[in-house]
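To keep things clear, I will list the structure first and then write my remarks on it.
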Amino acid sequence: MTLTETRTTIPEEARKAGLLAVIIGRAVVAAGRAGTAIVQGARYVQGVVTPLGWAVVIAAAFVLVAGYTWGLLELIALGWGLAVLVAAASVWLIGRGAGTIQLLLPLPRVVVGEPARARLIAANPGRRRFGAVQLELPVGRRIIERVLPGLPRGAVFDEQFDIPTERRGVVPVGPARTVHADPIGLMRREYVWSETAELHVHPRTVAINALSTGFIRDLEGTPTRDLTVSDIAFHALREYVPGDDRRFIHWRSSAKTGVFMVRQFEETRRSRLMVLLDLDPAAYVDEAEFELAVGAAASVGARAIRDARTVSFVVSGRRQATGGGRSAMRELPTVSRDRLLDALCVVETETDAVMLPDVARAAAETISGVSLAFIVTGSARGVAPVRAAAARLPPAVEAIAVQCSPEGEASARTIAGLTVFGIGYLEDLRALLARSASVS
């Protein structure tokens with residue numbers, strides 16, 4: 001049987017059924033594409049028409065229906081006037097305004113009060129000219145508005161914007177966007193050009209002397225019962241075994257005994273410094289007192305990190321989460337100075353903060369090897385909570401309390417073995433620590 005004969009033997013009904021299946025399949029695909037296009041168009045319209053614009057569109061439709069229904073020329077004219085107004089507003093959506101826009105933060109970290117700026121660079125690398133457009137840059141809770149001028153081919157627009165740094169915190173900057181909107185406010189389309197950048201406004205700190213000065217025990221470390229062949233604290237002599245370092249052979253004893261003798265030491269471990277910052281709002285008279293406390297605690301922590309010491313920075317936990325020792329306190333990262341100060345940017349007082357003595361007890365149970373602790377708080381509750389917090393620490397820990405009172409007189413006193421510094425300025429902390437170290 002030939003191919004021609006095979007084709008002619010196919011029933012007419014089968015050929016019609018196959019053609020119908022193809023038509024139905026193509027119709028389904030076309031309907032799916034049309035539905036997708038309609039959904040995308042609806043989303044686009046919903047994204048560019050403002051609430052005022054929707055009100056005008058609905059009013060135009062209602063007025064036109066009423067005008068044609070009742071034959072009122074005034075309503076028909078009003079309805080078409082509103083429709084023309086909506087169409088004219090749509091013209092303002094044409095264009096992009098730039099080819100590329102970059103948002104740069106030259107300094108991602110600054111100290112409170114230092115100048116900070118964001119830089120916007122708009123360029124037109126294309127062939128056609130871009131028209132002027134409105135440019136918006138969110139900075140914190142406010143929005144900076146500028147008019148981006150028309151950019152001919154190869155033109156660049158470069159401008160810097162000031163960022164407020166009056167208060168410690170994290171200031172979100174961006175995203176930079178261009179806005180196409182009509183003067184009435186019926187239509188609005190935004191082009192987002194950049195990601196949101198964050199400016200960390202660090203608390204003000206003061207340079208203080210090395211915290212090991214005056215604390216020889218803390219500098220050398222605390223001897224333990226673990227023995228080692230190389231350290232500081234001498235323990236005893238023992239016979240030489242293969243593999244021992246020959247630098248530690250004690251030659252006098254070897255000459256007397258006729259056997260090589262090596263020194264044996266007690267292993268010493270570097271002690272840990274702890275900074276405890278009170279977040280209880282009742283401990284502070286006002287916000288300025290808390291900011292002074294944050295700066296004082298940050299100064300101690302930053303100096304300890306600079307000295308390459310082992311340091312733990314502890315703040316109060318929340319009262320409703322005090323199911324265990326760890327939840328009553330919270331540790332901030334101390335990997336680097338910037339990481340610590342970044343974390344302190346967002347530290348605030350909390351109405352449900354755990355009381356200072358409970359925070360100290362949780363820190364003592366969680367953090368081991370502490371030999372020097374700084375307890376930083378305000379002046380509203382006096383010395384009693386600080387003494388109670390120091391009493392929760394192990395007896396071997398030397399505690400220094402720092403009570404902050406802006407513009408107050410600097411003072412240093414000892415109450416029941418606890419050293420209490422009163423500071424009115426950050427510079428007072430530096431002077432009091434230097435004086436204490438010299439006395440020690």
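Sort out which residues of the stretch 283-299 are part of a loop (DSSP other than H, G, I, E, B) and of a type in the set (A, V, I, L, M), and write them in order of number. Matches in the stretch 283-299: Val285 only. For Asp162, the test of being under 33 Å from the mean Cα position of the chain (by Cα) and open to solvent by 90 Å² or more (accessible area, probe 1.4 Å) is passed.
Please state which one of Ala116, Ala155 is surrounded by 16 or more Cβ atoms within 10 Å (Cβ to Cβ) and more than 30 Å from Val206 (Cβ to Cβ). The match here is Ala155.
Of all positions in the stretch 213-220, at least one carries a residue that is surrounded by 15 or more Cβ atoms within 10 Å (Cβ to Cβ), of a type outside the set (Val, Ile, Thr), in contact with a helix residue (DSSP H, G or I) (Cβ under 9 Å, 6 or more places away or on another chain) and at pLDDT below 85.
Anything in the stretch 177-198 that is part of a loop (DSSP other than H, G, I, E, B), open to solvent by 30 Å² or more (accessible area, probe 1.4 Å) and acidic (Asp, Glu)? List them, or say none.
Within the stretch 177-198, Glu195 is the sole residue that qualifies.
Given the structure, is Pro125 part of a loop (DSSP other than H, G, I, E, B) and surrounded by fewer than 18 Cβ atoms within 10 Å (Cβ to Cβ)? The answer is yes for Pro125. When you scan the stretch 387-401, do you find a residue that is in contact with a strand residue (DSSP E or B) (Cβ under 8 Å, 6 or more places away or on another chain), modelled with pLDDT under 90 and of a type in the set (A, V, I, L, M, F, W, C), even just one? Within the stretch 387-401 (the criterion being in contact with a strand residue (DSSP E or B) (Cβ under 8 Å, 6 or more places away or on another chain), modelled with pLDDT under 90 and of a type in the set (A, V, I, L, M, F, W, C)), the answer is yes, since at least one residue qualifies. Counting only residues that are more than 60 Å from the chain's Cα centre (by Cα), in a helix (DSSP H, G or I) and of a type outside the set (Phe, Trp, Tyr), the stretch 65-80 holds 2 of them. Taking the numbered list (1) more than 29 Å from Ala88 (Cβ to Cβ); (2) in contact with a Lys or Arg (Cβ under 9 Å, 6 or more places away or on another chain); (3) surrounded by 16 or more Cβ atoms within 10 Å (Cβ to Cβ); (4) of a type outside the set (A, V, I, L, M, F, W, C) in turn, Gly174 passes all entries but (2).
Residues are listed down the side, and each one gets a yes or a no for (1) more than 26 Å from Arg204 (Cα to Cα); (2) among the small types (Gly, Ala, Ser); (3) touching a residue at least 12 places away in the same chain (Cβ under 8 Å):
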residue: Ala360; (1), (2), (3): no, yes, yes
residue: Arg381; (1), (2), (3): no, no, yes
residue: Val386; (1), (2), (3): no, no, yes
residue: Pro394; (1), (2), (3): yes, no, yes
residue: Ala399; (1), (2), (3): no, yes, yes
residue: Gln403; (1), (2), (3): no, no, yes
residue: Thr414; (1), (2), (3): yes, no, no
residue: Leu418; (1), (2), (3): yes, no, yes
residue: Ala434; (1), (2), (3): no, yes, yes
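List every residue pair whose Cβ atoms lie under 9 Å apart, where the two residues are 6 or more positions apart in sequence or sit on different chains, the first residue falls within the stretch 237-258 and is part of a helix (DSSP H, G or I), and the second residue, located anywhere, is hydroxyl-bearing (Ser, Thr, Tyr) and surrounded by 14 or more Cβ atoms within 10 Å (Cβ to Cβ). Pairs that qualify, where the first residue is part of a helix (DSSP H, G or I) and the partner is hydroxyl-bearing (Ser, Thr, Tyr) and surrounded by 14 or more Cβ atoms within 10 Å (Cβ to Cβ), are Arg246/Tyr240; Ser254/Tyr240.
Here's a check for you: in the stretch 224-270, which residue that is small (Gly, Ala, Ser) and at pLDDT below 75 is farthest from Arg309 (Cα to Cα)?
Applying the filter and picking the extreme gives Gly243.
Within the stretch 73-90, take every residue that is hydrophobic (A, V, I, L, M, F, W, C) and touching a residue at least 40 places away in the same chain (Cβ under 8 Å) and give me the one that is surrounded by the fewest Cβ atoms within 10 Å (Cβ to Cβ). Across the stretch 73-90, the extreme among qualifying residues is Ala88.
The values are calculated or read from the model by the stated rules, or taken from the named source; none is laboratory data. Since the structure is predicted, the reported quantities are computational estimates derived from the model, not experimental observations. Here Cβ is always computed from backbone atoms with ideal geometry, including for glycine, and neighbour counts include all displayed protein chains. Ligands, DNA and RNA are stripped out before the accessible areas are found, and what is left, the full protein with its side chains, is counted by its heavy atoms. Shrake-Rupley method; radii C 1.70, N 1.55, O 1.52, S 1.80 Å.
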